[in-house]
Amino acid sequence: MSQITELGYVTIGVSDLKAWENFAGQVLGLEVVPGESEAVRYLRMDYWHHRIKLVQDSSDDVLVAGLRVAGVLEFRAMAKTLSDAGIAVRIGSKAEAEANHVLEIMFLEDPNGYPIEIFHGPLVQFNLPYHPGRRMHGGYKTLGGGFAHMMQSRRAEFDDIHAFYTLLGMRGGIEYKMPIPMLPEPIELMFLHCNERQHTFAFGGPAEKRCNHLMFETEKIEDVGLAYDLVKQAGIPVIIEPGAHANDHNFSFYFKNPSGFMNEIGWGGRKPPGQSEYYAGDVFGHMPVLNTMKDFMVPA
Ligand SMILES: [Fe+2]
């Protein structure tokens, strides 16, 4: 069976490119690289050409998620699997693949209506080591687990989302039934994995934006502390204070980016446990900052 191997990249539409350049370089420690036009910037965090593409756009949201398969055979098998399942897929032209810095690309939507790109063969630039935009103790963990995990809002039923991503070779399900003081029922959250990262995609409830948060994992715990200090010094709102998650075990915190959704930076994640589990709370911490948290509620 053909299988997604990682979240390879995302494209984010940003209304304030200048603010994002500063945030990406000075707060996140990413390398900011000029794009093909004044309306495009690339963000690097390892040897890949880019992991994030910023495009000037009023959406202030993730526009596209790029999911990798291992190679040409897996790419063709995936296209057949999707077509056989009745899912509309468009294979990109050579020019479209080149424009996205991959060997081959296909375009489709998930059951939420969210654009997905499935690709193989990213441009990897071993002659251009990642150059952080600010000091770091170490780097970001990307080998074996993709560059990030992403929590998204939900516009379809959990079962339909689960069936679609199972077709892509991802595993997982409901992992949290989280009691929320102002809601009558616990909110359910679904998590899906495809590699060593405990989850690559998560889905909450309906929300205006597609992206609830994008999470990067550091090699060293000191970089979580350094990022926290820099966020506070810059006057950026912390949305969830440091704590440890029950599912991925990351020690992390959440803060607001210039597009109004959240970034999470963490350390110490575990691999998927291999069998389903669910949790009603985290290990410790992760206290929401209540005056800002309401913007990020994901009611079931
Ligand atoms: Fe997260």
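The values are calculated or read from the model by the stated rules, or taken from the named source; none is laboratory data. Small disclaimer: the values here were computed from a predicted structure and weren't measured. Quick reminder, even Gly has a Cβ in these numbers, built from the backbone with ideal geometry, and neighbours come from all protein chains shown.
Given the conditions (1) crowded, with 21+ Cβ neighbours inside 10 Å; (2) on the phi > 0 side of the Ramachandran plot; (3) assigned by TED's automatic domain parsing to the domain that holds GLY86, which single one is not true for GLY113? It fails just one condition, (1).
Could you go through region 198-210 and let me know if any residue there is assigned to a strand (DSSP E or B) and aromatic (Phe, Trp, Tyr). Yes. Across region 179-233, the number of residues qualifying as closer than 19 Å to GLY113 by Cβ and either at pLDDT below 95 or outside the structural domain of SER252 (by TED's automatic domain parsing) (or both) comes to 5. Is it fair to say GLU188 is among the acidic types (Asp, Glu) and within 13 Å of the ligand (Cβ to nearest atom)? The answer is no for GLU188. With respect to being at negative phi and away from the ligand (no atom under 14 Å from the Cβ), THR142 fits the description. Taking TYR130 as the residue in question, decide whether it is away from the ligand (no atom under 16 Å from the Cβ), hydroxyl-bearing (Ser, Thr, Tyr) and more than 18 Å from CYS211 (Cβ to Cβ). Yes: the conditions hold for TYR130. Looking at (1) within 17 Å of the chain's Cα centre (by Cα); (2) surrounded by 16 or more Cβ atoms within 10 Å (Cβ to Cβ); (3) within 16 Å of the ligand (Cβ to nearest atom), which one does LYS271 not meet, given that it meets all the others? Unmet condition: (2). Selection within region 1-40: residues that are β-branched (Val, Ile, Thr) and in contact with a helix residue (DSSP H, G or I) (Cβ under 7 Å, 6 or more places away or on another chain). The member of this set that is surrounded by the most Cβ atoms within 10 Å (Cβ to Cβ) is VAL14. The set of residues in region 191-207 that are within 17 Å of the chain's Cα centre (by Cα) and either more than 17 Å from SER153 (Cβ to Cβ) or more than 16 Å from the ligand (Cβ to nearest atom) (or both) comprises HIS193, CYS194, ASN195, GLU196, ARG197, GLN198. Annotation: of all residues in region 210-231 being among the acidic types (Asp, Glu) and surrounded by fewer than 21 Cβ atoms within 10 Å (Cβ to Cβ), the one that is nearest to the ligand (Cβ to nearest atom) is GLU219. With respect to being within 16 Å of the ligand (Cβ to nearest atom) and touching a strand residue (DSSP E or B) at 6+ places or on another chain (Cβ under 9 Å), HIS137 falls outside the description.
Test TYR176 against the criterion of being assigned to a strand (DSSP E or B) and assigned by TED's automatic domain parsing to the domain that holds VAL224, and give yes or no. When the stated conditions are applied, TYR176 passes them.
Taken over region 53-65, the residue count meeting the criterion of being crowded, with 21+ Cβ neighbours inside 10 Å and either of a type in the set (Gly, Ala, Ser) or assigned to a helix (DSSP H, G or I) (or both) is 1.
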